[in-house]
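The values are calculated or read from the model by the stated rules, or taken from the named source; none is laboratory data. This structure is a prediction, so every number in the text was calculated from the model and none was measured. Counting neighbours? That spans all protein chains shown, and the Cβs are built from the backbone with ideal geometry, glycine included.
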Amino acid sequence: MIEQARVRFETLKAGGMLPSPQGVALAVLELTQKHDANIQSLTHLVQTDPAMSGRILRYANAVHGGSLRHIASLPHAIVFLGLFRVRQIALGFSLIDHYRSGACAAFDYLGYWTASLATGITAQQVSAQAQCPPDESFTCGLLSGIGRLALATAFPNEYGGILRENLPELALRDAETSNFGLDHATLSAELLQDWGLPEIFYQAVRYHELPTEAPFGAGSRVQTLTSALHFSAKVGSLLNLDAAQRWERVPSLYHAAAQIGLEDHQVPPLVESVVGQWQDWGRELHLPTRDFSDINLLLGMPPDPTQDGDLSALVVLPMRVALITRDANRLSSLAETLDAMGLMVELATDRDSAMHLLESNRIDLMMVELPDSGDSAVKTLRELRAREGGRQTYCIAVIPPEAEAGVAKLMLAGASDYLLMNYSEAALLARLNSAQRVVTLQGAVRAERESVIRSSGEWARSNRRLLQEAHTDPLTKLHNRRYGLDRFAQEWSFSAHSDTPLSCLMLDIDHFKQVNDRHGHEIGDMVLSQVAQVIERSCRKDDVVFRYGGEEFCVVGPNTALVDAIQLGERIVRGIRAGRFGEDEKRFPVTVSIGVATRTQADSDQEMLIARADRALYAAKSGGRDRVVAARGDADA
């Protein structure tokens, strides 16, 4: 199936039917594919496009998050980001600029990019959960749905007809495959592969809409990235929907968050951070974004159930009613009637007591006496709504008959219904019946949502533990071999594309068999764990440290030249040499031998680099142990 899709993709590409970078961005892609590409030539090229220059500067400052001093020059920004990442950024921004509109009338081009931008920002925010660099995660999220744009570009009329059917997601993908030979998710993956993104990204994009169908191992980095993109896409979609549609998506958003280990209380602040950056970048890129002043309201307000048809089957339950009036005597008859009906009535005769009642969160229904429907009444309703923190308590405005003509203004200001002062018993019962139905339905919806969110929190904690266990060596608590080799492959891909140095250190505990023979395997395991701690403390933040197997460890040094890798190895050797290992009263010295190798043009993959570091390790042991040896030829490089 994938091979057939690949053939179909090549046909579309050869026909010039697909979106592609243009102008300076195309020149950036071509330049960075050359072996002699350098920072200076890339800087000169980007400077010819002031808009691109400004965006790369802005992006570089956003990525470092204030941990460094402000990046004020384009060359500094490009050095900070690296050739490969500048290439990705230019690609994404170019596509936004050149595909803002098109011939597919049923495709919302600006809406697509607005949601994609939010997806990219969210992916950047959860990059730690995805175990991927934040800048690459941004590009991956931004372009994860590019296949939709591609189909709208290549087949504007046919795809428009399919979109007008408003098909569910699975049915849409089936229709795409039947009509075009591949669906939008597959096309997205093929485009990202063609543009040179690492394999882990385009494979994750292929399955991120349906992560349960992904053929990746549980706990693997590609599966984790797939789940992170799935969550990010849900945030991107959520921010582009109206209130009723958003409410329907909220439980599934928390469900997706739990899959990457995010608990329910972590989701609102994360979305709030995304919204702020989304609005800033929206202004920069001239994309429409919405203003969400209260994220908790965005994620927590139920839809208006009065629009859902027949509610007569609902059970009517007792309600707590706040009766807000300036003159209790004037509404005493109403209070007595409500009390006789079994409703719990609390009176508020001034502003402070009314606000206290609403803030206490004990009220199901408020009935507010208003002297008219003018500006003062509108102001009163808005103040009450502001104090209840977005709960949208059902509100009946009690007004004199002469104010009925202005009811529309009261409804816009926050009233749910109205009741005339000279009400009949039938009118009162009708209003209360409607209110009770709505309150009951809202309560049921809230209870279901809270149940989903609570269970998602438990699931998130469970998933975090499973992910941790899947990536961790149980004895040393370092990353395990599977995780380490996955990260090694990613760092290799980045190093090869950006022509930055990459070093590998292979470490082995000297005479470890003697430790087991003299002290027993239990002490041997203790020594392994203690040595692992020293190695980890000796390494830098960006180094990837993992147990390779037995008493052997591996350290991957991104952007690390040979001289720096040798210094790192010497620091580890000194740290081990200075320590004492084993039980408290019977500690003994331990040493390690280290082989170091740095990527060269002759290395075709990371396995060759590991093999050269391993041969250097053998040379270190043959040369007397307790030392660092560089791979033959590297020392002269």
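Within the range 622-637, not a single residue is within 38 Å of the chain's Cα centre (by Cα) and of a type in the set (Ser, Thr, Tyr).
Scanning the range 379-392 for residues that are surrounded by fewer than 19 Cβ atoms within 10 Å (Cβ to Cβ), at pLDDT 80 or above and not charged (D, E, K, R) yields no hits at all. Of the listed requirements (1) part of a helix (DSSP H, G or I); (2) hydrophobic (A, V, I, L, M, F, W, C); (3) over 20 Å from Tyr112 (Cα atoms), Ala171 misses just one: (3). Only a single item in (1) modelled with pLDDT of 90 or more; (2) within 28 Å of the chain's Cα centre (by Cα); (3) not aliphatic (A, V, I, L, M) is not met by His521, and it is number (2). Ser593 meets all of the listed conditions (1) of a type in the set (S, T, N, Q); (2) over 36 Å from the mean Cα position of the chain (by Cα); (3) surrounded by fewer than 15 Cβ atoms within 10 Å (Cβ to Cβ) but one, namely (3).
Within the range 374-433, the set of residues being assigned to a strand (DSSP E or B) and either not hydrophobic (A, V, I, L, M, F, W, C) or not assigned by TED's automatic domain parsing to the domain that holds Glu336 (or both) comprises Tyr394, Asp417, Tyr418. Residues in the range 596-620 that are assigned to a helix (DSSP H, G or I), free of Cβ contacts under 8 Å to residues at least 40 places away in the same chain and closer than 22 Å to Glu199 by Cα: 2 in all.
Would you confirm whether or not the range 562-570 contains a residue that is crowded, with 17+ Cβ neighbours inside 10 Å and farther than 26 Å from Glu491 by Cα? Within the range 562-570, not a single residue is crowded, with 17+ Cβ neighbours inside 10 Å and farther than 26 Å from Glu491 by Cα.
A count restricted to the range 565-590 and to residues that are in contact (Cβ under 8 Å) with a residue 24 or more places away in the chain, farther than 14 Å from Gln533 by Cα and within 41 Å of the chain's Cα centre (by Cα) stands at 5.
Those residues that are aromatic (Phe, Trp, Tyr) and free of Cβ contacts under 8 Å to residues at least 40 places away in the same chain, I need them from the range 375-422; list them, please. Across the range 375-422, the qualifying residue is only Tyr418.
Among residues of the range 79-96 that are under 12 Å from Thr43 (Cβ atoms), those with a beta-carbon under 8 Å from a residue that is of a type in the set (D, E, K, R) at least six positions away or on a different chain give the pairs Leu81/Asp135; Leu83/Asp499. Do you know which of the residues in the range 318-372 that are of a type in the set (D, E, K, R) and not in a loop (DSSP other than H, G, I, E, B) is modelled with the highest pLDDT? Of everything passing the filter in the range 318-372, Glu369 is modelled with the highest pLDDT.
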